[in-house]
1. Can you tell me which residue within the stretch 254-283, out of those that are within 16 Å of the ligand (Cβ to nearest atom) and surrounded by 18 or more Cβ atoms within 10 Å (Cβ to Cβ), is modelled with the lowest pLDDT?
2. Any residue in the stretch 114-132 that's under 15 Å from T250 (Cα atoms) and near the ligand (Cβ under 8 Å from one of its atoms): show its pairings with residues that are small (G, A, S) and not in a loop (DSSP other than H, G, I, E, B) at Cβ separation under 9 Å, as long as the two are six or more apart or on different chains.
3. Tell me which of these A155 doesn't satisfy, since it passes every other one: (1) assigned to a helix (DSSP H, G or I); (2) more than 9 Å from the ligand (Cβ to nearest atom); (3) crowded, with 23+ Cβ neighbours inside 10 Å.
4. Of all the residues that make up the stretch 460-484, how many are surrounded by fewer than 24 Cβ atoms within 10 Å (Cβ to Cβ) and touching a Pro at 6+ places or on another chain (Cβ under 6 Å)?
5. Consider G399 carefully, then state whether it is part of a loop (DSSP other than H, G, I, E, B), modelled with pLDDT of 70 or more and more than 25 Å from A155 (Cβ to Cβ).
6. Can you spot a residue in the stretch 166-174 that is surrounded by 22 or more Cβ atoms within 10 Å (Cβ to Cβ), more than 15 Å from the ligand (Cβ to nearest atom) and among the aromatic types (F, W, Y)?
7. Limited to the stretch 339-356, what total is found for residues that are surrounded by fewer than 16 Cβ atoms within 10 Å (Cβ to Cβ) and either polar (S, T, N, Q) or in contact with a helix residue (DSSP H, G or I) (Cβ under 8 Å, 6 or more places away or on another chain) (or both)?
8. Suppose the filter is more than 16 Å from the ligand (Cβ to nearest atom) and either assigned to a loop (DSSP other than H, G, I, E, B) or modelled with pLDDT under 80 (or both); does A57 pass it?
Amino acid sequence: LKAKKGVRFDLYTELSNKKDALVAELEVTEKRLDEFMAAMRCILKYIGGGKLEEPAAETKGVDVEPFLLQGEVDWVKIHRLILREIRRLQDGLPIYAHRREILARIRDSQIMVLIGETGSGKSTQLVQFLADAGIGSSETVICTQPRKIATISIADRVKGECHGCYKDSNSIIAYPTFSSDQPFGSKVIYATDHCLLQHFMNDRNLPGISCIVIDEAHERSSNTDLLLALIKCLLLDQTRDLRLVIMSATADANQLSDYFFGCDVFHVSGRSFPVDLKYISSDSEASTSAWGPIAPYVQEVVKTSKEIHRSEKEGTILAFLTSQQEVEWACENFQAPLAVAFPLHGKLSFEDQFRIFQDFPGKRKVIFATNLAETSLTIPGLKYVVDSGMVKESRFEPGRGMSMLKVLRILALGIKNISEFDFIDAPSHQAIDMAIRNLVQLGAIRQSRGSYYELTDEGRYFVKLGIEPRLGKLVLYCFRHRLGKEGLALAAVMANASSIFCRVGTKDDKIKADCLKVQFCHSSGDLFTMLSVFKEWEALPRDHRSKWCWDNSINAKSMRRCQEAVKEMEESLRRELDIIVPSLWLWSPHKSAGHDKHLKWAIVSALVENVAMYSGYDQLGYQVAMTGQTVRLHPSCSLQMFAEKPSWVVFGELLSTVHDYLVCVTAFDFESLPSLDPPPLFDFHNMDCQKLRSKKMTGFGTLLL
Ligand code: CDP
């Protein structure tokens, strides 16, 4: 094998004295070439076996550097490794030129923050470099991703690149969802951050992992923050030889470095692709009315995509919008010959998300996406990007909120005083207090002493299932009352509540949709209404479902999502808790008062912090028990269809627009709550009915004055 160096670079092999065969002909920078030569030496000398004849001193680093290999050599493996190396050199990803420096630094300093633009090769290459360098005491490098689809697609890509380089096809593996029987023996694991968190719950030492790579750290989800805190604890353990790389396109590197003991920050510079930008101004005034509830920029994005399709050369178009509704609308309204439009948003099933990777010969792919696709997905053949420039952010704000599952997880790790836990951005004391109060109410934790809390058995279930405690509470309560299937369906419709009923289009379309909804409205409220819809849909033969949805203004995709959510929960109940869900529906919207009652208490037990009382006056509406806030039922609420307003309700969400509205509301009879027999699963006495009642009196007394 001969490598001819220079600005141009030619690579020849000499096989069995046959004539030189030109393998690659490239133009590369000196720095990349150095990395390549170093990698080749490494492949031949350490991996290939046999004996490598070092180049003569006078030829080293000059024009020709011949490698001669003799003896027992694993040629197939060498061949694969060399091909991979040549491919890397050809791809010219910016990170390639920094391989040895990065590895040397991570060897020395254990922790590193790596900053580099999207596409510089962080997710796909760095992880391979680390795995090949054999850093740490064991073999495995685990790289976390915020999203399932990126976890799978990056792992697939790396698998393709490494074909034949490792001992078997399981050397690179993707764990998009958690299961407690996932082994940690592979060379490279791509896992969602949620999945790694769940593994932490199983064993805080993460045995077998030598290097953790946290990707997309700039997204700063609550999962990432919790992971970073847990890894920090692990790094403090002197007996554990663990490396950490935190990768980000834009993160506040200094904050991350400060949090991790002032570690190194490494910048990978350089873009891999030239980008042409073209700005289009949107004539928003002229078109608003014609597009009904859809914002004008959505129209502009569809129009621009059509224009590109009509006038530009082949290549996939990716257009960014801000919500699932906009994406679905755009797909429906993008109709052009020789093009196929795809939606891409977080609520699509795996299979549907993966359709964007399929080939459609002779057709142009046009993908309308939410910002799901922005950072972590590489779409093959992508040539044109249309960006509305708008974004709806639902970002984790560390100081403000705190997910209840996150608290629970901290406690599950044996940390009893949450306020002392070392977060990169600690949640405020109020946020922690509120989360603790809610968890106590849900019966997931109990106070052990002072400001120390511990998990209850139920809390442990929620952590095992990786399920938000409210939904877990609902599901478990239903199980105890033999309404398992209903419980899963309720949790699924609760998670999809905002998208089950379609209400888009012109004013007339909306009126029609409202009229169609009336037939489903249940006097106990929205969750019962949605449960009947789901049940009715599930009972239909598969090929009748789409038409039924269309006829009744129901979102067919939401129904499918609910069904998938039910399946996923069934699977984890079986796997983690050995609970088999009966396939029988017991609840019927018209018949069983007893089941109705249990389902209501299940809902109340899950949403117990969201109780509201009716003032007795339409204009005053309801008052939230915990805060005293005055609120109204949302116009879309099923209870609006009934003349008599229930005295007590629980709600899923508070929506603030012109007024403060209660959304996803269920009516219940407060007076019968304490007399429930057997008593409800949640710790009812912590809710203090007397206090609520007196609050009702004083609260409304004030209002009426
Ligand atoms: O992590 P970072 O954004 O820095 O880059 P990367 O995800 O490692 O991507 C490096 C290159 O690999 C991209 O520019 C794509 O060309 C390619 N890639 C791909 O084709 N398919 C994937 N699933 C991931 C990356």
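1. The selected residue is V268.
2. Pairs that qualify, where the first residue is under 15 Å from T250 (Cα atoms) and near the ligand (Cβ under 8 Å from one of its atoms) and the partner is small (G, A, S) and not in a loop (DSSP other than H, G, I, E, B), are G116/S248; T118/S376; K122/G116; K122/S248; S123/A150; S123/S376.
3. Among (1) assigned to a helix (DSSP H, G or I); (2) more than 9 Å from the ligand (Cβ to nearest atom); (3) crowded, with 23+ Cβ neighbours inside 10 Å, A155 violates only (2).
4. Number satisfying all stated conditions: 1.
5. no
6. No, the stretch 166-174 contains no residue that is surrounded by 22 or more Cβ atoms within 10 Å (Cβ to Cβ), more than 15 Å from the ligand (Cβ to nearest atom) and among the aromatic types (F, W, Y).
7. Selection size over the stretch 339-356: 4.
8. yes
The values are calculated or read from the model by the stated rules, or taken from the named source; none is laboratory data. Treat the numbers as computed from the prediction; the structure is a model and nothing was measured. Ideal geometry is used to build each Cβ from the backbone, glycine not excepted, and the neighbour counts take in all protein chains shown.
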